[in-house]
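Colleague: Before I ask anything, let me first share the structure, which is written out below as structure tokens.
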Amino acid sequence: FSKINEASNISGAASYLMEQGYTFGYATFWNANIVTELTDGAIEIADITDLPTPHFHRWLTRKDYWFRDYHKGKLFLLLTQEQAESIKESDLILAGELVYSDSLFVIYSYEDDKAFAQTLNYLPPKGQ
């Protein structure tokens, strides 16, 4: 129950993502769905786990996100400050650009999903 009212804590990060035109990204479970809710679905976030080599949660997330071809273009990784600090030397963090930071959250930006393709357990493209 400690995560019941996190909306005020994460609203700055959600606002930044909206202002910058992001529509898709990755975050750990407790931070993913709340951003989608705060943005009325304008920002979709796939739930990941097992940092620094993330994998999809195979439950409580849209199956469409598991396909590498689901989203094209820039995307983001939203982490708590603690999560980011714990993986600060990982290839995933080093491949991204830090574009947002407040006292609780950081956002890294990526031009495409190449940095994630090495670690995420994507499904083959639909139809293959």
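The values are calculated or read from the model by the stated rules, or taken from the named source; none is laboratory data. In this text, all values refer to a predicted model and were calculated from it rather than measured experimentally. So basically every Cβ, Gly included, is an ideal-geometry build from the backbone, and we count neighbours across all protein chains shown. With ligands, DNA and RNA removed, areas are computed over all heavy atoms of the protein, side chains included. Shrake-Rupley method; radii C 1.70, N 1.55, O 1.52, S 1.80 Å.
Colleague: Would you check the chain for Lys pairs whose C-alpha atoms are within less than 24 Å, ignoring same-chain pairs closer than 8 in sequence, and give me the count?
Modeller: Close lysine pairs found across the chain: 11.
Colleague: Obtain the radius of gyration and the Kirkwood radius of the chain from its C-alpha atoms and give Rg over Rh.
Modeller: A ratio of 0.93.
Colleague: Also, quick follow-up: Run the helix sum for the chain: -39,500 (n - 2.57) per DSSP H stretch of 4+ residues, divided by residue count, reported at 222 nm to the nearest 500 deg cm²/dmol. If you can, show how the numbers build up before the last one.
Modeller: Numbers: 5 runs with 38 residues, N = 128.
Rounded to the nearest 500, it is -8000 deg cm²/dmol.
Colleague: Moving on. With axes computed from alpha carbons, what is the tilt in degrees of helix 29-38 against the longest principal axis of the chain, rounded to the nearest 10 within 0 to 90?
Modeller: 80 degrees
Colleague: Relative to the longest principal axis of the chain, what angle (0 to 90°, nearest 10) does the C-alpha long axis of helix 7-19 take?
Modeller: The helix 7-19 is inclined about 60 degrees to the chain.
Colleague: Label-point separation (nm) for R68 and E37, each offset 7 Å from Cα along Cα-to-Cβ?
Modeller: Placing both labels 7 Å beyond Cα along the Cβ direction yields 3.3 nm.
Colleague: Given labels modelled 7 Å from the Cα in the Cβ direction, how far is it in nm from D102 to S11?
Modeller: 0.9 nm
Colleague: Please tell me the relative contact order of the chain in percent, rounded to the nearest whole number, where contacts are Cα pairs under 8 Å and at least six residues apart. Before the final figure, lay out each step's value.
Modeller: Numbers: 201 pairs, mean separation 32.2, N = 128.
The normalised contact order for the chain reaches 25 percent.
Colleague: I would also like to ask the following. Each label point is 7 Å from the Cα along the Cα-to-Cβ direction; what then is the distance between the points at Q20 and W59, in nm?
Modeller: 3.2 nm
Colleague: Mind putting a number on the dipole of the chain about its Cα centre? Charges go on the C-beta only, +1 for Lys and Arg and -1 for Asp and Glu, and I need it in Debye to the nearest 20.
Modeller: Roughly 440 debye for the chain.
Colleague: When the accessible area of the chain is split by element with a 1.4 Å probe, what percent falls to carbon and sulfur?
Modeller: Working: 3570 of 7020 Å².
So the carbon and sulfur contribution to the accessible surface is 51 percent.
Colleague: Distance from the Cα centre of the stretch 30-66 to that of the stretch 11-27, in angstrom?
Modeller: Between the Cα centres of the stretch 30-66 and the stretch 11-27 lies a distance of 13 Å.
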